[in-house]
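Q: One structure is given below, represented as structure tokens, and several questions about it will come after.
The values are calculated or read from the model by the stated rules, or taken from the named source; none is laboratory data. The structure displayed is predicted, hence computed values, not measured ones. Cβ coordinates were reconstructed from backbone atoms using ideal geometry, including for glycine residues, and neighbour counts include every protein chain displayed.
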Amino acid sequence: MTKGYLALVLHAHLPYVRHPEYEDFLEEDWLYEAITETYIPLLNVFEGLINDGIDFRITMSITPTLAAMLADELLQNRYIKHLDNLIELSYKEIERTKWDQPLNELAHMYNYTFIESRIAFVERYRRNLLNGFKKIQDAGKLEIITCGATHGFLPLMEVNRKAVEAQIKIATAEYEKHFGRRPNGIWLPECGYNPGDDQVLKDAGIKFFITDTHGILHGSPRPKYGIFAPVYCKSGVAAFGRDIESGKAVWSAEEGYPGDFVYRDFYRDIGFDLNFEYVKPYISPDGIRINTGIKYHKITGNTDYKELYNRRAALDKAAEHAGNFMFNRGQQIEHLYNFLEKKPIIVSPYDAELFGHWWYEGPEWLNFLLRKIACDQDAIKLTTPFEYLKENPKNQVSTPSLSSWGYKGYAEVWLSGCNDWMYRHLHKAADRMVELAQSYPTAEGILHRALNQAGRELLLAQSSDWGFIMKMGTMVEYAVKRFKDHIGRFTKLYDQIRSNSIDESYLRDLEWKDNLFADLDYRVYK
Amino acid sequence: MPPKKKVGKSSLKKKVVSSKKKAALSLKPSRKRVTLKRKSGKVASITPLKEGLKDIQEKKEQVEEASQKVFEPPYNYNDNKIVLMVRDPYWLYTYWEINENKIIEIKRELGEKFFDASLVLRIYDTSDWTFFDIKVGAHVGNWYINVGRPNTSYCVDIGYLTSDGIFMCSARSNVVTTPRDSMSEIIDEEWMIPDWEMMYALSGGFGFGKSSMEVKELFKKMQFPSSWLFSGSPVKKESKRPFWLVANCELIVYGATEPTASVTVMGEKIKLRPDGTFSFRFLLPDGNYEIPIEAIRDDGGERRNITPIINRKTK
């Protein structure tokens, strides 16, 4: 008998990184790695479940910037080039490791995985992975939700409500373009909710969003069921709270599954380990060693000595961890069911890129978990927030509290000594964008193009990723440059528009570089 | 990246030319710079007259360099405004700009008193308009304010406070509300339960019998990584690496024969390079290895065999 619901939510996001002005650009690898290690493996899991007739439900946010990159022809072609390079390296590895049987098996594993990725990417999904995700959604198993257009952190954008509206409106329009219908839900960037933002969601036709635990828990009036039932905001949009217990099982550095010693170690990569001349064609062309994705060791322990990875043992562990996760959710649900006298819903969101990229066995863990839930028990019912609302339409009205899922739970990650200087410029640019949209309500031709491009530059500057990187302290230079580039481009366009002197070739250059959201209409800022 | 000095307009051009190296450095994250397929509009606008080819080339480079230069946002926009933002239940952040005209206006108003007046932030609790002041320096443009009170609405003025207590406001901010850091005091009767503490503890997921206060403390300590691919990973490497050493052996086998010959290494046919050379690289674990290499002339008429024997041991 069903005693409660489990909604797994994967948040897939990458900032828009695409540099046609360079032949080769290091930061584009983020996308290529995520495709090989996370997105294709997840699609394989979903397809496998469907082929085996196993029912499941899962929710995934695919952010508009990620969707735009997955649908971009230049990046698609570059991915294939990247993958071909990797396949070549994996063949060399098979050859090189001939005399070391266990290592040789791993080399074969990577070779096989990469070749399969190529077939999936080119043939099955015709170079656009969105086709794959759409198919799973259309089959009724996956609920794809949207996110802020460029993952802008909304609570710190609040002083200009039109900027918030634009992030949401553009996101839903992009979603419709890619997936052929309107989104039911949204993953607020960084889970950042500010009371009142729900009205903007409502206006865009969005029916639910997810907040961090304390967003719901500190909502007003007090939420009777805590985070184990959604609440309706005054606007009528539903808010679901993140469950901490199931979060810790996967996220936590100490107690989480991904830290298990038999799992693959992320840091020992042949890009760093092998002879320089040998790996040279597969690392950065200027000779900087980087991760290739071929890694032969397991975490082993808190030691520098790393033993060889054993795939079978790792998969056994992933199955064991899936069983453990299911057992604990069963216990949790049983307990909550008795206490609340109602079927609870447990919402468990994770970064999608955690699965496969960081936690190499993550997709297999998910595979085991979804199969076990379908076959081995009947207390937990998998659901999506939207499906839950259809079955349970009566919920308490309460206004969630301002919150995020960043460190300490509020805005500090994106507002501290290293990145607070951005907001003066972000707010000014947003004000100017609104001013432009109101000054030129019916622009045509080159003016229309310049206004649209100004919108794109503003949106790109608003990505929460730049501030996040500055806070984390790695790759800061790139984030600072990106932020300044977009603010600079916006400012230049603004000045040109205002002085009636639009430089067509400059504009064309920007349209070529920052080409996302082709259908954007600047009037969204009016 | 350290903030760059402001460069006057007249020196800008010079700066661009001379900082070629710096500009290249600032592009470090990228791999390889290729010639831009499209050039900025400025390139087209250069119409060299009677200039040597070399000069044109140089000019072109300068302009390209300029289009590559990182834009430095201005220190401020000469606006007269102040913006207030929420960092968490206890802290606010504000930034402001005071327009020159506004300063002149205030100077006129205050007369002599202006010169010993201090620039202050006046923070109001908007429920009763009680306030407190923070003195700030004239060259500061932003400030973190410790209000220490969750679920309270604030706004802030930036202005001049004279020694005899006259406050001249230059700009007033938006109103913001700090979030709660605990359960709401408001309870909807229709949605009552007997044990709120239990609900709170359960939602916190920290077992039972914990008070909301304890859970609150735990919330503060939680370090959930944020949402990004390279975000604080749960399998983060120890920052301090102890002394370490890794050593492995690889063996390179190489050779050459007639380009048309067929060659096998350990019984497997291999592909020769067009010039008849070949090479292999093997990982060499401890053990004894024989590597029979055989070349056969294309007509099958002649054979050559070489078999290197290797013994690797590790102490």
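Q: Out of all the residues in the range A:98-150, which are part of a loop (DSSP other than H, G, I, E, B), free of Cβ contacts under 8 Å to residues at least 60 places away in the same chain and either crowded, with 21+ Cβ neighbours inside 10 Å or of a type in the set (Asp, Glu) (or both)? Explain how you work it out, then say what you get.
A: To start, the set of residues in the range A:98-150 that are part of a loop (DSSP other than H, G, I, E, B) comprises A:98-100, A:125-128, A:139-141, A:148-150.
From the residues that got through so far, the ones that are free of Cβ contacts under 8 Å to residues at least 60 places away in the same chain too are A:98-100, A:126-128, A:140.
If the condition is that a residue be part of a loop (DSSP other than H, G, I, E, B), free of Cβ contacts under 8 Å to residues at least 60 places away in the same chain and either crowded, with 21+ Cβ neighbours inside 10 Å or of a type in the set (Asp, Glu) (or both), then A:Asp100 is the only one that fits.
Q: Can I ask one more? For the subset of the range A:161-190 comprising residues that are within 13 Å of chain B (Cβ to nearest Cβ) and over 15 Å from A:Ala461 (Cα atoms), which member is surrounded by the fewest Cβ atoms within 10 Å (Cβ to Cβ)?
A: The extreme case among them is A:Arg161.
Q: Please work out if A:Tyr79 is over 23 Å from B:Leu284 (Cα atoms) and either touching a residue at least 12 places away in the same chain (Cβ under 8 Å) or assigned to a loop (DSSP other than H, G, I, E, B) (or both).
A: On the way: over 23 Å from B:Leu284 (Cα atoms): yes; either touching a residue at least 12 places away in the same chain (Cβ under 8 Å) or assigned to a loop (DSSP other than H, G, I, E, B) (or both): yes.
The answer is yes for A:Tyr79.
Q: Here are some residues: A:Trp421, A:Trp466, A:Trp405. Which one is of a type outside the set (Ser, Thr, Tyr), under 26 Å from A:Leu26 (Cβ atoms) and at the interface with chain B (Cβ under 9 Å from one of its Cβ atoms)?
A: Values: A:Trp466 fails: at the interface with chain B (Cβ under 9 Å from one of its Cβ atoms); A:Trp405 fails: under 26 Å from A:Leu26 (Cβ atoms).
On inspection, the qualifying residue turns out to be A:Trp421.
Q: Separate question: Mind counting the residues in the range A:483-526 that are closer than 15 Å to A:His19 by Cα, buried (at least 21 other Cβ atoms within 10 Å of the Cβ) and in contact (Cβ under 8 Å) with a residue 60 or more places away in the chain?
A: Total meeting the criteria: 2.
Q: Restricting attention to the range A:424-449, which residues are more than 30 Å from B:Arg180 (Cβ to Cβ), more than 10 Å from chain B (Cβ to nearest Cβ) and part of a helix (DSSP H, G or I)?
A: If the condition is that a residue be more than 30 Å from B:Arg180 (Cβ to Cβ), more than 10 Å from chain B (Cβ to nearest Cβ) and part of a helix (DSSP H, G or I), then A:Met433, A:Val434, A:Glu435, A:Leu436, A:Ala437, A:Gln438, A:Ser439, A:Gly445, A:Ile446, A:Leu447, A:His448, A:Arg449 are the ones that fit.
Q: Moving on. Give the residues of the range A:3-38 that are under 30 Å from A:Phe56 (Cβ atoms) and assigned to a helix (DSSP H, G or I), sorted by residue number.
A: Step one: list which residues in the range A:3-38 are under 30 Å from A:Phe56 (Cβ atoms), which gives A:3-15, A:30-38.
Selection gives A:Trp30, A:Leu31, A:Tyr32, A:Glu33, A:Ala34, A:Ile35, A:Thr36, A:Glu37, A:Thr38.
Q: Can you say whether B:Pro259 is surrounded by 10 or more Cβ atoms within 10 Å (Cβ to Cβ), part of a loop (DSSP other than H, G, I, E, B) and more than 10 Å from every other protein chain (Cβ to nearest Cβ), as far as the supplied structure shows?
A: On the way: surrounded by 10 or more Cβ atoms within 10 Å (Cβ to Cβ): yes; part of a loop (DSSP other than H, G, I, E, B): yes; more than 10 Å from every other protein chain (Cβ to nearest Cβ): yes.
For B:Pro259, the condition - surrounded by 10 or more Cβ atoms within 10 Å (Cβ to Cβ), part of a loop (DSSP other than H, G, I, E, B) and more than 10 Å from every other protein chain (Cβ to nearest Cβ) - is met.
Q: Among residues belonging to the range A:215-227 that are in a helix (DSSP H, G or I) and facing chain B (nearest Cβ under 7 Å), point out the one that is nearest to the chain's Cα centre (by Cα). Give the steps one after another, and end with the answer.
A: Within the range A:215-227, the first condition is being in a helix (DSSP H, G or I), and the residues that meet it are A:215-217, A:226-227.
Now restrict to residues that are facing chain B (nearest Cβ under 7 Å): A:217, A:226-227.
Details: A:Leu217: 25, A:Gly226: 26, A:Ile227: 23 Å.
Among those that are in a helix (DSSP H, G or I) and facing chain B (nearest Cβ under 7 Å), it is A:Ile227.
Q: Pick out the one residue from B:Ile252, B:Ile296 that is in contact with a strand residue (DSSP E or B) (Cβ under 9 Å, 6 or more places away or on another chain), among the aliphatic types (A, V, I, L, M) and at pLDDT 90 or above.
A: On the way: B:Ile252 fails: at pLDDT 90 or above.
Result of the check over B:Ile252, B:Ile296: B:Ile296.
Q: Just to confirm my filter: which strands (runs of 3 or more DSSP E) fall fully inside the range B:75-159 and include at least 2 residues that are under 29 Å from A:Gly192 (Cβ atoms) and among the hydroxyl-bearing types (Ser, Thr, Tyr)? Write out each step before concluding.
A: Details: elements: B:81-86, B:91-97, B:118-125, B:130-135, B:142-146.
Per the criteria, B:91-97.
Q: So which of B:Asp116, B:Asp128 is among the acidic types (Asp, Glu), more than 27 Å from A:Arg424 (Cβ to Cβ), over 31 Å from the mean Cα position of the chain (by Cα) and modelled with pLDDT of 95 or more? Outline the logic, then answer.
A: Numbers: B:Asp116 fails: modelled with pLDDT of 95 or more.
Going through B:Asp116, B:Asp128 in turn, just one is among the acidic types (Asp, Glu), more than 27 Å from A:Arg424 (Cβ to Cβ), over 31 Å from the mean Cα position of the chain (by Cα) and modelled with pLDDT of 95 or more: B:Asp128.
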